[in-house]
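Trainee: One structure, pasted below without further comment.
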Amino acid sequence: MTTRLGFGLPQMRQYSLGTDVPDVARAAEQIGYDSLWVFERALFPEPATQGLYNVPGLPWPDEYRSVAEPLVTLTLAAAVTERVRLGSSVLVAPLHTPFQLARSLATLDAASGGRVLAGFGTGWSLDEYAAAGIRPFEERGKVLDELIDVCRAVWGPDPVRYDGQLTKIASAVVGPKPARPIPILLAASNRKALTRLVDRADGWLPVGLGAEQLAAQWRAVQDLAAERGRTEPLQTVLRVNATYTPKAYDGSDRRPFQGSADQIVEDLVAHAAVGLEEILIDLEATPRDAQELKDVGAEVYEKARAAGV
């Protein structure tokens, strides 16, 4: 089966959001991509008090100085497309109040004709948690659990009732409803998060850091699902954070998905062999503008399909 391919929308500061997001969204759909994706980065601490991904000393990339709000970005894309699915990989769930996020996603799904994929994670930035002011970082798992509960309640039949720590709905009609049940996908790597994934979610959102590592992670997810009695298949969307360079990268320190279009496709082939359903290719960090992003996106797509991805 051919792997579905998704494309990351331009959210970073080198892009003109009002014109470039619709332009890139239309182009990606015409090229043949199956889905369009956003991510969330709420702020850029300066000076940084915490390393990137909570790794001491790892600097935040300059591109994170300005990242457009993800649901606004998806709405711009939804308005100019008809076929592609619209996903988040990921929304940092505990930065949002559960009720408002559930309503926003339902409205976007209704408006787009049932194309939304709700990808959630818990993040790692203490500064973002402090700015959002929902709950402390230490309670991130509890907030994510409540968000999942609230989404399914709000998206379900009326009257909606829910009694949680952050959200209390005595009995209410809440609309619009999504066009269909919105799939909830989770980023998960440790045992606790993976247990939540197989018990409560519709799908998994890993990150491509090497084909062998991905294969081991996927086996662990499948083993845990079997251990806990899950019989429903998990949807799978691999996020690929590509660093494109016009010429091949020949350094011995080359990371997966770093280099020319041919090198990126070579890594796509290896990761696709693991057997996940879809790969999200995010190329937005290095192109200078939307035209270059579209050109690189078209080249990678054509070469990936020619290589059998």
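Trainee: Would you mind checking which residues have amide H under 5 Å from VAL207's amide H? H placed 1.01 Å from N; only 5 or more apart, or other chain.
Mentor: ARG239
Trainee: Let me confirm the definition first: pairs of Lys residues in the chain, 8 or more apart or on different chains, C-alpha distance under 20 Å. How many are there?
Mentor: Lysine pairs, 8 or more places apart or on different chains, close enough: 6.
Trainee: Please turn the phi angles of segment 111-122 into ³J(HN,Hα) values with the Karplus equation 6.51 cos²θ - 1.76 cosθ + 1.60 (θ = phi - 60°), one per residue in order, whole Hz, x for glycine and proline.
Mentor: Residue by residue, segment 111-122 yields 5, 8, x, x, 10, 7, 10, 8, x, 10, x, 10 Hz.
Trainee: Here's a follow-up. Can you figure out the FRET efficiency of GLN213 with ARG13, using R₀ = 25 Å and their beta-carbon distance, to the nearest 0.05?
Mentor: 0.20
Trainee: In addition: When Lys and Arg each count +1 and Asp and Glu each count -1, what net charge do the other residues less than 13 Å away from VAL160, Cβ to Cβ, add up to?
Mentor: After counting each charged neighbour, the total is +2.
Trainee: At 222 nm, what helix-only mean residue ellipticity would the chain give, in deg cm²/dmol to the nearest 500, using -39500 (n - 2.57) for each DSSP H run of four or more?
Mentor: -12000 deg cm²/dmol
Trainee: Continuing with the same structure: What number comes out for the charge environment of SER171, summing +1 per Lys or Arg and -1 per Asp or Glu over other residues with Cβ under 14 Å away?
Mentor: Around SER171, the charge tally is 0.
Trainee: Next question. Among the trypsin sites (Lys or Arg not before Pro) within segment 192-293, which fall in a DSSP loop and have no more than 10 other Cβ atoms within 10 Å of their own Cβ?
Mentor: LYS247, ARG288
Trainee: Let me ask another. Mind giving me the FRET efficiency for ASP163 and ARG200? R0 is 22 Å, r the Cβ-Cβ distance, nearest 0.05 is fine.
Mentor: The value I calculate is 0.75.
Trainee: Now a separate question. DSSP beta bridges in the chain, what fraction antiparallel, as a percent rounded to 5?
Mentor: 10
Trainee: Something else about it: Want the number for SER189 to GLN291: 0.36 nm per residue separation, take away the alpha-carbon distance, what's left?
Mentor: Using 0.36 nm per residue and subtracting the Cα-Cα distance, I get 33.2 nm.
Trainee: Counting only protein heavy atoms and using a 1.4 Å probe, what share of the accessible area of the chain belongs to carbon plus sulfur, as a whole percent?
Mentor: Looking at the chain in its full context, I get 51 percent from C and S.
Trainee: When Lys and Arg each count +1 and Asp and Glu each count -1, what net charge do the other residues less than 14 Å away from GLN258, Cβ to Cβ, add up to? The partial results should precede the final answer.
Mentor: Working: positive: LYS247, ARG254, ARG255; negative: ASP250, ASP253, ASP262, GLU266, ASP267, ASP282.
Charge balance in the 14 Å sphere: -3.
Trainee: Shifting gears a bit: Using protein chains only and a probe of 1.4 angstrom, how many square angstrom of PHE99 are accessible, to the nearest 10?
Mentor: PHE99 exposes around 60 Å² with every protein chain in place.
Trainee: Taking a 1.4 Å probe, which of THR2, THR231, THR97 shows the most accessible area, and what order do the others take after it?
Mentor: Numbers: THR2 85, THR231 130, THR97 65 Å².
From most exposed to least exposed: THR231, THR2, THR97.
Trainee: Can you sort ASP109, ASP20 by 1.4 Å-probe accessible area, starting with the largest?
Mentor: The ordering from most to least exposed comes out as ASP20, ASP109.
Trainee: Taking amide H positions as placed 1.01 Å from N in the peptide plane, with prolines and chain starts having none, which residues 5 or more places from ILE169, or on another chain, fall under 5 Å of its amide H?
Mentor: Distant-sequence amide H within range of ILE169: TYR162, ASP163, GLY164.
Trainee: Oh, and also: If r is the Cβ-Cβ distance from ILE31 to TYR249 and R0 is 30 Å, what FRET efficiency results, to the nearest 0.05?
Mentor: With R0 = 30 Å, the Cβ-Cβ based efficiency is 0.80.
Trainee: Per 0.36 nm of contour for each residue apart, how much would the distance between GLN100 and THR231 grow if the chain were fully extended, relative to their Cα-Cα spacing? Let's see the in-between values first.
Mentor: Values: separation 131, 0.36 × 131 = 47.16 nm, distance 3.16 nm.
Extending this stretch completely gives an extra 44.0 nm.
Trainee: Specify the angular offset, from 0 to 90 degrees and rounded to the nearest 10, of the alpha carbon long axis of helix 140-155 from the longest principal axis of the alpha carbons in the chain.
Mentor: 70
Trainee: So what's the angle, to the nearest 10 degrees on a 0 to 90 scale, between helix 261-272 and the longest Cα principal axis of the chain?
Mentor: 50
Trainee: Per residue, how large is the accessible surface of the chain? Use a 1.4 angstrom probe and give square angstrom.
Mentor: It amounts to 45 Å² per residue over the chain.
Trainee: For segment 15-65 and segment 83-101, what is the centre-to-centre distance using only Cα atoms, to the nearest Å?
Mentor: Each part's Cα centre sits 15 Å from the other's.
Trainee: Right, something else. Could you pull out every residue, at least 5 positions away or on a different chain, whose amide H is within less than 5 Å of the one on LEU36? Hs are placed 1.01 Å off N in the peptide plane, and Pro or chain starts have none.
Mentor: Sorted by chain and number, the residues that satisfy this are PHE7, ARG85, LEU86, GLY87.
The values are calculated or read from the model by the stated rules, or taken from the named source; none is laboratory data. Model, not experiment: these values are computed from the prediction. Every residue, glycine as well, gets a Cβ built from its backbone with ideal geometry; the counts of neighbours run over all protein chains shown. With ligands, DNA and RNA removed, areas are computed over all heavy atoms of the protein, side chains included. Shrake-Rupley method; radii C 1.70, N 1.55, O 1.52, S 1.80 Å.
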